Amino acid sequence: MTKKLFFTAVILSLIVISATPAFCDELSPKFNGPAEKLGRGLCNMLTFPLEVPEQISRVNNSDGPFAASTIGVLKGLGSAIGRACVGVFETATFMFPGPKNYDSVLKDPEYFLESSNF
C-alpha cells in the first residue's frame with residue numbers, strides 16, 4: 001500500500017513540476033504549442049476549486065456580504081466548472097492545434113492567478 005502511495009506521490013509531483021513552464025515570462029514573445037496547452041490545462045485542472053472563494057471575495061468587496069453569499073457563490077461555481085472543463089479539454093487535446101494554433105479557450109484570465117478585468 002505504501003509503495004502505491006509513494007508511486008502516486010512521485011507521479012503527481014512530476015506532473016506539477018512539468019506544469020510550471022506554462023507561466024512564461026511576459027517580456028518574451030508568447031509561444032503557443034503543445035507543451036503550453038498541456039501546462040495550461042493542468043494548471044486549470046489544479047486551480048479550479050479556488051474560483052469559488054475568489055468570486056465570493058470579489059462580490060463581497062463590490063456588493064457586500066449578502067450578495068457574496070448568493071451571487072458570489074453562484075459565480076464561483078460557474079467559473080470553477082468552466083475552468084475545470086476547459087482544463088480537462090486542453091489536457092486531453094494538447095497534441096492538436098485547436099482551437100486556433102494552440103490558443104487558450106479561456107481569454108480573461110487565461111490562468112487563475114492572472115489579473116483580469118472582472
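Structure notes:
- Among residues of the range 55-73 that are of a type in the set (Lys, Arg), those with a beta-carbon under 7 Å from a residue that is modelled with pLDDT under 90 at least six positions away or on a different chain give the pairs Arg58/Phe118.
- All positions within the range 59-95 that are part of a helix (DSSP H, G or I), more than 19 Å from Leu46 (Cβ to Cβ) and of a type in the set (Gly, Ala, Ser): Ser62, Ala67, Ala68, Ser69, Gly72
- Residues of the range 75-96 satisfying the condition of being surrounded by 14 or more Cβ atoms within 10 Å (Cβ to Cβ) and without any contact (Cβ under 8 Å) to a residue 40 or more places away in the chain: Lys75, Gly76, Ser79, Ala80, Gly82, Arg83, Cys85
- In the range 8-51, the qualifying residues are those that are part of a helix (DSSP H, G or I), among the small types (Gly, Ala, Ser) and surrounded by fewer than 14 Cβ atoms within 10 Å (Cβ to Cβ), and the one that is modelled with the lowest pLDDT is Ser18.
- Check on Val105, assigned to a helix (DSSP H, G or I) and either surrounded by fewer than 13 Cβ atoms within 10 Å (Cβ to Cβ) or out of contact with any Lys or Arg (no Cβ under 7 Å at 6 or more places or on another chain) (or both): no
The values are calculated or read from the model by the stated rules, or taken from the named source; none is laboratory data. As the structure is a prediction and not an experimental result, all values here were calculated from the model. Note: ideal-geometry Cβ built from the backbone for every residue, glycine included; neighbour counts use all protein chains shown.
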